[in-house]
Structures are given as C-alpha cells and as structure tokens.
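A quick write-up on the structure given underneath.
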Amino acid sequence: MKKGLLFTLATLFCCQALTYAQDTTDQSIRKLLDMERQAWTMRDSTAFFALLNESPSFTFTNTGSGYSNHLNVNTFHDALTTAWKQPPTGKPNTYENSDIKSQVVGNRAFTEFTRTTIDSNNKRVRQTLETWTLSNKNGSWKIDRILSVDTSSFNPSKVLSDTEIEDEINMVGYRLLAAKKNEQAIRIFKMNTEFFPKAWNTYDSLGEAYMINGNKKEAIANYEQSMKLNPKNTNGKEFLEKLRKGK
C-alpha cells in the first residue's frame, strides 16, 4: 500500500516537474519573441542582433506574393543596419505577436506565430506567418533561422516561381514541426525534395526533421545530400558533425 502511494506521489511529482519545465521554457521563448518585437519596433539593431545566433548557419527568408529573399547572417546584418540608419517617416509602426506555438527538443525549438504590423493610425497594414528555429546557448535562447511569409500580400491568381513554391512548402513543414507533428512534417519535407531534387535547402530541412524525430541515419543521409549540393551550407555541416559524433 505504502509502495503504491509512494509511486503515485513520485509520478505526480515528476509530471508536475515536467509541466513546470515546459512552462518555464515556453515563457523563456515568449520573452525572446517579445524582446525581438520591441527591438524591431524601436529599430534598435544592437538589441536585435544580440538575440540572434550570429553564426554562419543563421538564415533569414522573407517571402510573399511576387518576391522571395534569402539572406545569410552577414547580408541580413548589413541590410537591416542600413535600413534602420534611415530616419523613419512619421511615427514608427508597432507589432503584435499572436497564436504562438512551439516544440522543444533538447536545445532546439521550433516556433510559429502570427505577426501583425500596425501603423501610426492604429490600422493593421500587414500580417506575416513567422516560423523560427531557436537554439539554447548556455541557458539562453537564440534565433537560428527566420522564415517569414507575408500572408497579406498573397495573390491566388499569381503564378509562383519555383523558389516561392519551395519556400511555401518548407513553411508548411516547419509549421507541422512547431505543432509537434513530426511524421507529417517529414512527409512534407520529403515531398519537397521530390519536387525540387536540386535544391539543397529541401534536404537540409528534411535532415532537420529526421534529427528531431530521432531518425539519425536518415538525418545524416539528407544532410550529406544537402552538403553535396551546397558545400557552403554551414548549418548542415554543423549538425552533420554533431550527428556523426552522436551528440
């Protein structure tokens, strides 16, 4: 009887501890998103870049109807610094984050949320679907990858380029990862490699999904294919090394 009671109490304690850890992690991620939002509103490049994992593996993708931009950490840093040096015309915009979802696996997190841009007249002028990859560095969350899709610019009659289609399929895969639907995400990323077999980023994303799902062999194979197509893929190189070392 006592053993059964102790087991029940231990189980409840573990569940509460796990819930507390999850809540604490979620609060830390939300705090990071809020700090980024404030830095973006204030056009504070120092505060903003302090939140990034400014390694060669960082990428920023901004896509919408008729455009798609891919920037590495250096080009993103230069573009944003130059833009924010220009004085704003009128009162600056403000930003709201909503519908935040995250999946945390070890020191990695996949976060999805909606960002709304509000102008000086309190009018909602833009809405983007944000899918970010984060990593925990010495107890602090940093932004590894930003994928931003301008949903307010979507034009269903426009013919998309291959790059735009690839980006949008990738977005679906990362949304599924953020929703903790790993198997479905793997199917989407795999489909993207079949549609675009010469696109290195599709294999990189599939490798990441396999890694998160614990499929080490498949993760290594896809990271290797990504590196074969793009030897400068520092993100793939970093995780390939970790997988081979069993970390």
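Summary table below
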{"quantity": "Residue within segment 165-179 that is in contact (Cβ under 8 Å) with a residue 60 or more places away in the chain and more than 25 Å from V73 (Cβ to Cβ) present", "calculated": "yes"}
{"quantity": "All positions within segment 140-177 that are small (G, A, S), farther than 23 Å from R124 by Cβ and modelled with pLDDT of 85 or more", "calculated": "S140, G173"}
{"quantity": "First in segment 47-75 and under 18 Å from T133 (Cβ atoms) and in contact (Cβ under 8 Å) with a residue 40 or more places away in the chain, second anywhere and buried (at least 17 other Cβ atoms within 10 Å of the Cβ) and among the small types (G, A, S), Cβ under 6 Å, 6 or more apart", "calculated": "N53/S135; N62/S148"}
{"quantity": "Tabulated pairs, segment 207-218, first not assigned by TED's automatic domain parsing to the domain that holds V105, second of a type in the set (S, T, N, Q), C-beta under 7 angstrom, 6+ apart or interchain", "calculated": "G207/N222; G207/S226; A209/N182; Y210/N222; I212/N182; N213/N182"}
{"quantity": "Selection within segment 188-222 - of a type in the set (S, T, Y) and closer than 20 Å to T163 by Cα", "calculated": "T193, T202, Y203, S205"}
{"quantity": "Filter result for I188 (touching a residue at least 40 places away in the same chain (Cβ under 8 Å) and either in a loop (DSSP other than H, G, I, E, B) or under 23 Å from A109 (Cβ atoms) (or both))", "calculated": "no"}
{"quantity": "Unmet criterion (only one of (1) free of Cβ contacts under 8 Å to residues at least 60 places away in the same chain; (2) surrounded by fewer than 17 Cβ atoms within 10 Å (Cβ to Cβ)) for E238", "calculated": "(1)"}
{"quantity": "Candidate set from segment 110-156 (those that are under 23 Å from T63 (Cβ atoms) and touching a Gly at 6+ places or on another chain (Cβ under 6 Å)); member that is surrounded by the fewest Cβ atoms within 10 Å (Cβ to Cβ)", "calculated": "S153"}
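The values are calculated or read from the model by the stated rules, or taken from the named source; none is laboratory data. Since the model is a prediction, treat every value here as computed from it, not as a measurement. Note: ideal-geometry Cβ built from the backbone for every residue, glycine included; neighbour counts use all protein chains shown.
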